[in-house]
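Engineer: Dropping a structure here in structure tokens format, bear with me for questions.
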Amino acid sequence: MAVETISPAEAAAPRKIRRESQLALMWRRFRQHQLAVVSLWLVITFYLIAALAEFLAPTDPSAYSARFTYAPPQGLHLFLQNEDGGWSFQPHVNGYKSEVDPQAMRRTFVVDPEVVIPVRFFAPSEPYQLAGFIPMSVKLMGVEGPRDPFYILGADRLGRDLLSRLIHGTRISLSIGLAGVTLSLLFGIIIGGFAGFYGGWFDSAVMRIVEFIRSMPTIPLWLGLAAALPKDWTALQTYFAITIILSLIGWTELARVVRGRFLSLRTEDFVTAAQLDGASDWRIITRHMVPSFTSHIIAAATLAIPGMILAETALSFLGLGLQAPIVSWGTLLQEAQNIRTLATAPWLLAPGICVVVIILALNFFGDGLRDAADPHGR
Amino acid sequence: MLRFIINRLIAMVLTLWAVSVVAFAIIQLPPGDYLTTYVATLNSNGDRVDPSTIEALRQQYGFGEPFLVQYWKWISGIVGRGDFGQSFEWKAPVTTLIWGRLGNSILIEGLAVFAMWTIALPIGIYAAVRKYSLGDYLATIGGFIGLAVPNFLMALVLMYLSFVWFGTTIGGLFSPEFENAHWSLPRIWDFLSRAWAPVLVLATAGTAELIRILRANLLDELKKPYVTTARAKGLPEWKVILKYPVRVALNPLVSTIGWLLPTLVSSSVIVSVVLNLPTAGPLLLRSLTSQDMYLAGALIMLLGVLTVIGTLVSDLLLAWIDPRIRYGSK
């Protein structure tokens, strides 16, 4: 051991103490995980799209036009070539010309590069309410003529704009994931918390139930529960019912995490100290134990969202989840269920890409969060 | 070992009982009872309903009586006579409808488990032994995609691609001429030429998971001194790896079958609907949408039973290969 010599000047100088809050520490560790940071931005983007759905979607998701059944994607072009060969900035989409497919004997649309339909950003529109309470009358994109086709991602069976439906579907699918996890978390914390804190027969009973639910195939169960919903319920009622059904099974994983945390913290010194001080159980739980594992719970909850989104998509895809007027990724994919439709309109699979991207992003984000929240990590 | 088996069997019987209660609760969920629906459909078809038939049915199923009495009549019929009740949509006993379908389900799921292992084993070993190589990265990326793409989406994409590239639709398990034939070599060939798609789709998520676990386990084992010893004694490298660390790393893998099974059964339901396979899935979906509840209940229950038994088998297998579990559970 080396003996350090401290000069008088150094000893006299006030020691600088660098302080960082728990959150700052977590953020620092989180940033090292680059994939997680990218995923965080993706997740934020998706939720922004969900929040601003009415503004971003060019048309109403249920506005249909029989003239443009299964119109293919137009794409959005930013530059236009002039007669003299130069390029100028002019956002536009191309119109359609219809052709008769000699094989299938059916009218199909082809994008016609000759027809140029200018696109305006921040185009004025019919007045609407953003998120249900902010009155607005401008949309991100729009075309001049109300009868001009504007299908960046193509149209579906009824000539509805896929992009608009996708954006509105994002709102429903992401919010149901969030709502389902919030509800599961509530069940999980109450049930898992009781089980972990008090132990005993209640703990064993809860754990048996959790094991039982986790050993059952979930889709048949979800289907059975969803099929029992009355057919005459409104869209909103179905939405909440589906959320509850998803969390009836979703709480188990979170309850396990919460219980595990409670069990390992119950014997910690600071809990014993609080008990000796005469603090009530409620106070010990809410003031001492919960704050010490909040970050873990948040990470676990984040990792539970993809499962919820997938479950909703699967249920709606099978026709037993959300019903027609509600647009979600699942109900959108339901349109792409048979091979004839897929062959004519492969762009209807676009919601599937969204599902995959958000699930990957949430998983990486959750992983990063979990690593960052672990105080014993590197 | 015997004690372990007995304990697990008792636990399984309790679980099976819980499965039956859940299935029956689902039967009871829709508003109105089965008999009213049945009579209503008969009436709407213009059939005259004989009051004595209704009375007999009412007696048999105990309609209007408390939940427990109805449950008892239902479960004693199943356990005693193998009678799952009537399907009012098909106008036939449930038992005549489900066994063939369930057989196909088991076949497809069994093949999927087999495929998972045969794909995951070599890739997992390779990824661990050649850590951070190009192959390892490819396996990791493939694994993530396998986990993130929902099964039914993969089935849809596969269906679309085969239509665009080969002009054929994949789907079903048998060509029309083999639909009702007995098993024979051409029929097996026909089956395999169609079954590969659903089996592959079902196996992806599980394979990704198995590769990840095997790689992690094996990486832990490869660092241990006994591997170095074996290598120092001059054993050929393949023997060093296959003979010792791989065998140890396999143990936790067997137990993962137990919890992969519920997911597998779940996704086989939805994949079967997409690919139009004659398994339990489409029948379940149909019975649920038409509220043919005895059929639906029987299917939900049997799918649950299947999972529970599969889990038991994987537990016993694990106890058989891993003495720590066998003796630790006293």
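Engineer: What number comes out for accessible area per residue over region B:107-283 if the probe is 1.4 Å? Units Å², please.
Structural biologist: Details: 8560 Å² over 177 residues.
I get 48 Å² per residue for this part.
Engineer: Same structure, new question: What does the extension gain come out to for B:Ser133 and B:Asp83, with contour length at 0.36 nm per residue minus their alpha carbon separation?
Structural biologist: 12.3 nm
Engineer: Also, quick follow-up: Ordering A:Tyr70, A:Tyr151 from largest to smallest accessible area (1.4 angstrom probe), what's the sequence?
Structural biologist: If we order A:Tyr70, A:Tyr151 from most to least accessible, we get A:Tyr70, A:Tyr151.
Engineer: Under 22 Å from the Cα of B:Lys243, which lysines turn up, not counting those fewer than eight places away in the same chain?
Structural biologist: B:Lys131, B:Lys223, B:Lys224, B:Lys233
Engineer: Ok, one more. How many nm separate the modelled label positions at A:Ala235 and B:Asn251, each set 7 Å beyond the Cα in the direction of the Cβ?
Structural biologist: That separation, rounded to one decimal, is 5.6 nm.
Engineer: Under the definition of Cα pairs under 8 Å and six or more residues apart, what whole-number percent is the relative contact order of region A:109-212?
Structural biologist: Working: 73 pairs, mean separation 14.0, N = 104.
Relative contact order comes out at 13 percent.
Engineer: Just give the residues from region A:189-229 buried by at least 20 square angstrom of accessible area in the all-chains context relative to the isolated chain, probe 1.4 Å, and say none if nothing qualifies.
Structural biologist: A:Phe212, A:Ser215, A:Met216, A:Pro217, A:Ile219, A:Pro220, A:Leu221, A:Leu223, A:Gly224, A:Leu225, A:Ala227, A:Ala228
Engineer: Still on this structure, I have one more. Name the long-range amide H neighbours of A:Met141: under 5 Å, sequence gap of 5 or more, or other chain; modelled H, no Pro or chain starts.
Structural biologist: Under 5 Å from the amide H of A:Met141 lie the amide H atoms of A:Phe122, A:Ala123, each far enough along the sequence or on another chain.
Engineer: Between A and B, buried accessible area summed over both sides at probe 1.4 Å, in Å² to the nearest 100?
Structural biologist: Interface area, both chains combined: 3200 Å², rounded to the nearest 100.
Engineer: Determine ³J(HN,Hα), in whole Hz, for all residues of region A:31-45 in sequence, where each value follows from phi through the Karplus function 6.51 cos²θ - 1.76 cosθ + 1.60 and θ = phi - 60°; x replaces Gly and Pro.
Structural biologist: Values per residue, Gly and Pro as x: 5, 5, 8, 5, 4, 5, 5, 4, 4, 4, 5, 4, 4, 4, 4 Hz.
Engineer: Additional query: Please work out how much length the chain gains when fully extended from A:Ile44 to A:Ile152, using 0.36 nm per residue of separation minus the C-alpha to C-alpha distance, in nm with one decimal.
Structural biologist: 36.6 nm
Engineer: A further question on this structure: Hey, what do the phi angles of region A:125-139 turn into as Karplus ³J(HN,Hα) couplings, whole Hz, using 6.51/-1.76/1.60 and θ = phi - 60°, x for Gly and Pro?
Structural biologist: 9, 4, x, 8, 10, 6, 6, x, 9, 9, x, 9, 9, 9, 10
Engineer: Can you list the residues of region B:234-266 that have at least 20 square angstrom less accessible area with all protein chains present than in their chain by itself, probe 1.4 Å?
Structural biologist: The answer is B:Pro262, B:Ser266.
Engineer: Report, to the nearest 10°, how far helix B:67-76 tilts away from the longest principal axis of the Cα atoms in chain B, using its own Cα long axis and a range of 0 to 90°.
Structural biologist: Here the helix axis deviates by roughly 70 degrees.
Engineer: Could you work out how far the C-alpha centroid of region A:246-306 sits from that of region B:242-312, in angstrom?
Structural biologist: Here the answer is 33 Å between Cα centres.
Engineer: Among B:Tyr126, A:Tyr64, B:Tyr226, what's the order by accessible area (1.4 angstrom probe), most exposed first?
Structural biologist: Most to least solvent-accessible, the answer reads A:Tyr64, B:Tyr126, B:Tyr226.
Engineer: Taking only Cα atoms and a 10 Å spring cutoff, compute GNM fluctuations for chain B and point out the largest among B:Ala18, B:Ala40, B:Ala280.
Structural biologist: B:Ala40
Engineer: Kindly report the accessible area of chain A per residue (heavy atoms of protein chains, probe 1.4 Å, no ligands, DNA or RNA), in Å².
Structural biologist: Details: 20260 Å² over 378 residues.
Solvent-accessible surface per residue comes out at 54 Å².
Engineer: Sort A:Glu268, A:Glu126, A:Glu211 by heavy-atom solvent-accessible area, probe 1.4 angstrom, most to least.
Structural biologist: Ranked from most to least accessible, the order is A:Glu126, A:Glu211, A:Glu268.
Engineer: Reachable lysines from B:Lys91, Cα under 27 Å, same-chain residues fewer than 8 places away excluded?
Structural biologist: A:Lys231, B:Lys73
Engineer: Need the full-extension length gain, B:Ala216 to B:Lys91, defined as separation in residues times 0.36 nm minus the C-alpha distance. One decimal, nm. If you can, show how the numbers build up before the last one.
Structural biologist: Numbers: separation 125, 0.36 × 125 = 45.00 nm, distance 5.31 nm.
Gain in length upon complete extension: 39.7 nm.
Engineer: Could you check the simple spin-label distance between A:Arg31 and A:Ala51, using points 7 Å along Cα→Cβ, in nm with one decimal?
Structural biologist: 2.2
Engineer: Given the whole protein assembly as supplied and a 1.4 Å probe, what does the accessible area of A:Val111 come to in Å², nearest 10?
Structural biologist: 50
Engineer: Also, I was wondering about something else. Testing the spin-label approximation: label points 7 Å from Cα along Cα→Cβ at A:Val357 and A:Arg214. State their distance in nm.
Structural biologist: With each label placed 7 Å out from Cα toward Cβ, I get 3.3 nm.
Engineer: Moving on to the next point. Determine, from the Cβ-Cβ distance of B:Leu317 and A:Lys97 and an R0 of 60 Å, the FRET efficiency 1/(1 + (r/R0)^6), rounded to the nearest 0.05.
Structural biologist: 0.40
Engineer: Please identify which residues in region B:63-102 have an amide N closer than 12 Å to a label point set 7 Å out from the Cα of B:Ser52, following the Cα→Cβ vector.
Structural biologist: The answer is none, because no backbone nitrogen lies closer than 12 Å to the label point.
Engineer: Now, a different point. When the accessible area of chain B is computed with all protein chains present and a 1.4 Å probe, what percentage of it is carbon and sulfur? Walk me through the intermediate numbers first.
Structural biologist: Working: 11130 of 16520 Å².
Carbon plus sulfur share of accessible area: 67 percent.
Engineer: Another question, if that's okay. Where is the GNM fluctuation largest for chain B (alpha-carbon springs, 10 angstrom cutoff): B:Thr307, B:Thr228, B:Thr279?
Structural biologist: Top of the fluctuation ranking is B:Thr228.
Engineer: Top mean-square fluctuation among A:Gly250, A:Gly260, A:Gly330, Gaussian network model of chain A, C-alpha springs under 10 Å?
Structural biologist: Comparing A:Gly250, A:Gly260, A:Gly330 in a Gaussian network model of chain A, the most mobile one is A:Gly260.
Engineer: Roughly how many Å² of A:Ser62 are accessible to a 1.4 Å probe, to the nearest 10?
Structural biologist: A:Ser62 has an accessible surface of roughly 70 Å² with all protein chains in place.
Engineer: Which of the aspartates and glutamates could be linked to B:Lys239 by a straight reach, that is with a Cα gap under 20 Å, when you skip same-chain ones fewer than 8 residues away?
Structural biologist: Leaving aside aspartates and glutamates fewer than 8 places away in the same chain, those within reach of B:Lys239 are B:Asp220, B:Glu221.
The values are calculated or read from the model by the stated rules, or taken from the named source; none is laboratory data. Model, not experiment: these values are computed from the prediction. Note: ideal-geometry Cβ built from the backbone for every residue, glycine included; neighbour counts use all protein chains shown. These area figures cover heavy atoms from the full protein model, side chains too; ligands, DNA and RNA do not enter into them. Shrake-Rupley method; radii C 1.70, N 1.55, O 1.52, S 1.80 Å.
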